[in-house]
Amino acid sequence: MVTASVKSVSFYINGEWIKPAGRATQAVTNPATGEVLAEVPLATSGDVDHAVETAHAAYLKWRDVLVVDRVQVLYRYKTLLEAHAGDLANILTAENGKTLEDSRAEVRRGIQMVEVACGMPSLMMGDSLNDIAQGIDCKTIRQPLGVCVGITPFNFPAMVPMWMYPFAIAAGNAFILKPSERVPLTPSLAVDLIHEAGLPKGVMNLIHGDRIAVDALLHHPTVKAVSFVGSTPVAKYIYASAATEGKRVQALGGAKNHLVVMPDASIAKTVEAIIGSAFGAAGERCLAGSVLVLVGEAAEPLLNALLARVRRMTVGDGSRTGVEMGPLITAEHAGRVAGHIQRGISEGAVPLADGRNLRNAMSGYFIGPTILDHARPEMSIACDEIFGPVLTVMRVGTLDEAIDVVNGSRFGNASSIFTESGSAAREYTSKVEAGMVGVNIGVAAPMAFFPFAGWKQSFFGDLHAHGKDAVAFYTEQKVIMSRWFS
Ligand code: NAD
């Protein structure tokens with residue numbers, strides 16, 4: 001359904017909104033209704049050249065603005081984001097489908113990135129030591145890199161870009177954001193607000209596009225650093241291409257996160273945590289719990305309580321009050337998720353809840369919460385990222401077996417254990433191969449002042465997202481030794 005209010009989306013280059021004519025476009029739909037919200041233009045390599053040249057010219061001036069003055073823009077930006085948090089959340093829910101409550105929480109998390117980046121005067125500080133040799137003093141300083149690029153996924157269109165540009169800009173870089181072409185409206189409003197905050201033109205730029213735009217950014221000699229968040233195959237490609245070009249790169253990929261439940265876990269609280277983790281944002285989170293590993297006698301009571309809770313879940317348009325789970329991002333993705341469910345059942349898993357019954361019952365791209373029991377490690381539903389509301393259940397006898405299952409995954413983004421035993425939790429957090437680990441926490445999401453990234457096939461690079469790692473990523477370190485002869 002196309003409505004009269006379909007927006008055309010613009011690029012933001014050199015402080016101006018540009019409506020590029022004659023570019024290929026792609027429809028942006030509301031996944032809860034199928035309504036077309038906007039047409040997004042896809043950048044050409046010429047558009048990328050223009051954005052990079054503009055950003056580089058702006059960088060040459062911006063790097064000389066005092067860091068205490070640079071962060072003043074971010075303080076104003078934070079205030080504007082807070083004033084428009086409701087608008088951002090509404091747009092986010094409309095184009096992504098997650099519930100309004102989730103969208104508001106995401107915007108809040110994004111604002112926290114800005115708050116942390118406002119601390120750049122202290123975060124960028126170096127070290128110094130006098131008299132490292134007779135009369136020689138030594139210090140380290142951090143300097144910006146130049147033009148930095150962010151390529152981001154559809155599932156967190158407000159927060160994930162803010163893992164990047166507030167830190168990059170506060171450190172004195174210029175930035176080009178290429179968000180997911182499926183959700184261009186939220187980042188457009190976020191960028192409009194940084195314009196209003198008074199950021200000098202060219203320091204922040206926004207282009208939309210697909211692989212053509214990404215390739216042009218990856219191969220542009222003036223681009224110094226690339227931050228990517230998205231699926232593992234693309235993360236690998238981005239990492240390899242940008243590193244070959246000699247660029248600094250961090251590429252966060254996909255996930256298959258395990259939730260391990262011990263027999264002594266608190267059933268009611270664990271069930272609530274699992275519901276939020278596996279089915280929150282329709283499972284379209286890189287931190288979503290997607291394999292439930294039940295140890296020993298945990299299985300029956302936990303599954304009974306979980307199923308009872310799943311049956312009470314309200315699925316629908318995320319903009320409606322009381323809805324707990326919205327749709328998937330596109331019809332195509334809903335079809336893919338349905339295919340995963342069918343394959344799991346064909347391979348021998350037992351469906352305790354099958355969300356495919358919602359597919360034809362509702363308009364929009366819905367799949368209900370799905371639980372597939374008695375999975376084995378070699379099954380596709382136990383190995384592959386599904387990125388939908390599908391919880392695979394595996395039963396094991398001991399904590400050691402659970403750890404083997406988790407560490408057998410090629411991914412290593414996040415994992416949690418549910419237990420009342422300190423020693424089991426300690427054993428688990430010490431041995432598990434994952435970048436973000438929770439104890440009695442469904443979604444082990446680090447706050448803005450801690451680093452965020454996984455291990456193994458979930459991350460390619462060295463420096464993680466946000467926290468102190470972001471400061472290191474967006475700056476180059478220099479060591480200066482001085483001696484004065486007078
Ligand atoms: P995606 O990989 O399809 O797209 C991410 C970005 O890459 C988009 O901007 C897209 O335009 C671009 N892109 C897509 N295909 C490309 C190609 N062939 N060449 C160059 N660029 C390309 O990911 P998505 O579907 O938007 O997001 C979901 C994925 O992101 C999931 O796998 C999820 O686990 C992952 N994710 C990971 C994290 C994390 O922190 N590790 C966070 C959020 C999402």
Here FRET efficiency (C-beta to C-beta, Ser380 to Asp462, R₀ 35 Å, nearest 0.05) is 0.65
Expressed in square angstrom to the nearest 10, the accessible area of Tyr239 with a 1.4 Å probe stands at 80 Å²
As a percent rounded to 5, the proportion of antiparallel DSSP bridges among beta bridges in segment 1-79 is 75 percent
With the 1.4 Å probe rolled over protein heavy atoms, the chain has an accessible area per residue in Å² of 40 Å²
Once both label points are put 7 Å beyond Cα along the C-beta direction, the Ile132-Thr330 separation in nm becomes 5.2 nm
Extension length gain for Glu115 and Trp17 (0.36 nm per residue less Cα distance), in nm, is 32.7 nm
For the chain, the charge dipole (Cβ of Lys, Arg +1; Cβ of Asp, Glu -1; about the Cα centre) points to a positive end, and the Cα of Ala331, Ser346, Val28 closest to that extreme belongs to Val28
Per its Cα gyration tensor (rounded if a/c is under 1.5, else prolate when a/b beats b/c, else oblate), segment 1-83 is best filed as oblate
Most packed first (mean Cβ within 10 Å per residue), the peptides 279-286, 97-104, 456-463 order as 279-286, 97-104, 456-463
Computed over all unlike Cα pairs, the Kirkwood hydrodynamic radius of segment 1-141 in Å stands at 19.1 Å
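Rounded to the nearest 20 debye, what is the charge dipole size of the chain about its Cα centre when +1 sits on each Lys and Arg Cβ and -1 on each Asp and Glu Cβ? Could the numbers behind the result be given before it?
Values: 42 positive and 47 negative charges, 109 e Å.
Dipole about the Cα centre, nearest 20: 520 debye.
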With a 1.4 angstrom probe the carbon and sulfur portion of accessible area for segment 378-486, in percent, totals 54 percent
For Lys139, the aspartates and glutamates lying under 15 Å Cα to Cα, once residues fewer than eight places off in the same chain are dropped, come out as Asp127, Asp131, Glu476
Out of Pro301, Ala453, Thr140 - ranked by how far each Cα lies towards the positive end of the dipole of the chain, with unit charges on the beta-carbon of charged residues - the top one is Thr140
Relative to the chain, whose Cα atoms define the longest principal axis, helix 185-196 and its Cα axis are tilted in degrees, nearest 10, by 30 degrees
On each of the three principal axes the extent of the alpha-carbon atoms of the chain, given in whole Å and largest first, is 79, 66, 40
Stretched fully, the stretch from Phe450 through Arg483 gains (0.36 nm per residue minus C-alpha distance, one decimal, in nm) 8.1 nm
Summing -39500 (n - 2.57) over every DSSP H run of at least 4 residues in the chain and dividing by its residue count gives a helix-only mean residue ellipticity at 222 nm, to the nearest 500 deg cm²/dmol, of -11500 deg cm²/dmol
For Glu297 and Arg312, extending 7 Å from Cα along the Cα-Cβ vector and measuring point to point gives, in nm, a value of 2.6 nm
If amide H atoms are modeled at 1.01 Å from N in the peptide plane, then the residues at a separation of 5 or more from Val393, or on another chain, having amide H under 5 Å from its own are Leu292, Leu372, Asp373, His374, Ala375
Expected unfolding gain across Thr140-Ala105 under the 0.36 nm per residue rule, minus the alpha-carbon gap, is 8.8 nm
Taking protein heavy atoms only, a 1.4 Å probe, and rounding to whole percent, the accessible area of segment 192-338 owed to carbon and sulfur comes out at 55 percent
Links exceeding 27 Å between C-alpha atoms in this model, out of Lys98/Lys201; Lys178/Lys236; Lys236/Lys478, come to Lys98/Lys201; Lys236/Lys478
Given backbone amide H placed at 1.01 Å from N, residues whose amide H is under 5 Å from that of Gly15, ignoring those fewer than 5 places away on the same chain, are Gly202
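The values are calculated or read from the model by the stated rules, or taken from the named source; none is laboratory data. These numbers come from a predicted model, not from an experiment. Glycine gets a Cβ as well: all are built from the backbone with ideal geometry, and neighbour counts include every protein chain shown. Areas reflect the complete protein model, heavy atoms only, side chains present, ligands, DNA and RNA absent. Shrake-Rupley method; radii C 1.70, N 1.55, O 1.52, S 1.80 Å.
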